[in-house]
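Step one of this worksheet: look at the structure below.
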Amino acid sequence: MGKKGREIVGSSIDEIVGGLKVAYCNELTAFHCYWYTSLYMQGIGSLTIAGKFKDSAMEELEHAGMIAERLNQLAAIAKFAGRLG
């Protein structure tokens, strides 16, 4: 699929892949922030709110998965080069 995907996209492939890689890193960073927050919340109502943060984290992870699939279709590699902590 990678070769066909590149044919369909045409000459703007590098710009599209670059944007997708940035989006992929952003989604994984958001996942990490939501997940980490859900684990370390304290105080009144933290269990309720922590669940909402976990739900948000899973949504972000799903988005990252969709972007990784698109990168794969374009024969590009989805790497996470973000710096966390």
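Per-structure values
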quantity	calculated
Search result, residues across the stretch 1-37 that are free of Cβ contacts under 8 Å to residues at least 12 places away in the same chain and not hydrophobic (A, V, I, L, M, F, W, C)	Lys4, Glu7, Gly10, Ser11, Ser12, Asp14, Glu15, Gly18, Gly19, Asn26, Tyr36
Residue selected from the stretch 1-42 under the condition part of a helix (DSSP H, G or I) and of a type in the set (S, T, N, Q), by the criterion farthest from the chain's Cα centre (by Cα)	Ser11
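Coordinate-derived values only; no laboratory data. Since the model is a prediction, treat every value here as computed from it, not as a measurement. Here Cβ is always computed from backbone atoms with ideal geometry, including for glycine, and neighbour counts include all displayed protein chains.
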